[in-house]
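The values are calculated or read from the model by the stated rules, or taken from the named source; none is laboratory data. Source: prediction; values computed, not measured. Note that we place each Cβ from the backbone using ideal geometry, even for glycine, and neighbour counts take in every protein chain shown. Heads up: the accessible areas ignore ligands, DNA and RNA and are worked out on the full protein's heavy atoms, side chains in. Shrake-Rupley method; radii C 1.70, N 1.55, O 1.52, S 1.80 Å.
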Amino acid sequence: MTKIGYLGPKGTFTKLAVDTAFGDELKQSFQTIPECIDAVDNGTIDIGVVPLENAIEGTVQITVDYLIHQVRLPIVSEIVVPIQQHLLVRKDFNGNLSDIQEVHSHSHAIAQCHQFLHQNLSHASTVFSTSTGRAAEIASERNEPIAAIGNKLAASEYGLQIFKANIHDYPNNHTRFLVLTKDRDLVQIKHEAHLERTSLLIGLPSDKPGALHQILSAFSWRKMNLSKIESRPTKTGLGNYFFIIDVDQPYDNVLFPGVKAELEALGCEVTILGTYPVYHMNI
């Protein structure tokens, strides 16, 4: 049976995405994103699901950097899920917000709820955890009046109550998750794809005036829609960057080879990170 890995433990948004997208496959949690990616690379698991980008907090940098600099795995699907952050406490907690001493969660979840915490829990200490699931686990084990920020799955898994629902600062909060595997045929998502996307990695030969304009022009005159462009450091020195570009169309044998040839003629290095369906999930 296919084995799927995800950022755990139980109750994370990644686990929620996996449960929504996949069926009864074997599932294994990992404490960190690199551990999950490594497990796909060394064959411990068949498929890995890792967070890529949140609508409020932006790119999950450890995912991008690890896939670029450490382990290159093809992106075969993308899962987009709505994110609803709740304040979770033990069921035997009968106090008020003012009684909560600590709030535990992943750094991205904390940041997504900044205004709520600032206005209601400025007296409480903020404690970062490896995941929202781990934060819920900690809250369930401690007798002190502490809280966790997480989802309804975490509340159910760890026997917590939702003390305050939907505490994220902005309502249109979604996260993109990447599905990584060496065998595309193993991925069976029984939902209708929203669109097809292709992601590229583009390295510049040198930092020179107009370099980014030249790159974008190769897509522009071909009328290719770019949904994202992001620069990341090459880690070879200050001012050295590569670009990750998402194009909202599948790879073909005309436009993309043309872009690649044009950019390589300018001295750029072009790598196709994946061409894949995008699934929008309702949870």
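Once the convex hull of the C-alpha atoms of region 16-140 is built, how many Å³ does it hold per residue, rounded to a whole number?
It is 128 Å³ per residue.
Which of GLY133, GLY210, GLY43 moves most in a GNM of the chain, Cα contacts under 10 Å?
Result: GLY210 has the largest fluctuation of those listed.
With each pseudo-label sitting 7 Å past Cα toward Cβ, what's the LYS182-LYS235 distance in nm, one decimal?
2.1
Using a Gaussian network for the chain with springs between C-alpha atoms less than 10 Å apart, which of these wobbles most: VAL49, VAL127, VAL179?
Highest fluctuation among the options: VAL127.
For a 21 Å ceiling on Cα separation, which of these pairs sit above it: LYS3/LYS190; LYS91/LYS164; LYS3/LYS182?
Exceeds cut-off: none, every pair is within range.
At 7 Å along the Cα-to-beta-carbon direction for both SER227 and GLN31, put a label point, then send me their distance in nm to one decimal.
Simple spin-label model gives 3.4 nm for this pair.
Using 0.36 nm times the number of residues separating THR271 and VAL71, minus their current alpha carbon distance, what extension gain do you get?
Full extension from THR271 to VAL71 adds 70.6 nm.
Just GLU141, GLU196, GLU269 to compare: in a GNM of the chain, with alpha carbon springs under 10 Å, which one fluctuates most?
Maximum fluctuation in the GNM of the chain, among the listed residues, is at GLU141.
Considering the zone a paramagnetic label at SER125 would reach in this model (a point 7 Å from Cα along the Cα-to-Cβ line), which residues of region 148-163 have amide N under 20 Å from it?
From region 148-163, the list is 148-150.
Mean shadow of region 146-283, computed from the convex hull of its alpha carbons, in nm²?
Answer in nm², one decimal: 13.0.
Which percent of the accessible area of region 4-111 is formed by carbon and sulfur heavy atoms (probe 1.4 angstrom)?
Summing carbon and sulfur atoms, their accessible area is 43 percent of the total for region 4-111.
Starting from 0 in steps of 10 Å, tell me what percent of the Cα-Cα pairs of the chain lands in each bin.
Histogramming the chain at 10 Å steps yields 6, 27, 30, 22, 11, 3, 0 percent.
Grab the eigenvalues of the alpha-carbon gyration tensor for region 92-154, scale each by 5, take roots, and send me the semi-axes largest first in whole angstrom.
Largest first, region 92-154 gives 16, 15, 9 Å.
How big is the Kirkwood radius of region 222-271, worked out from every pair of different alpha carbons and given in Å to one decimal?
Evaluated over region 222-271, this radius sits at 12.3 Å.
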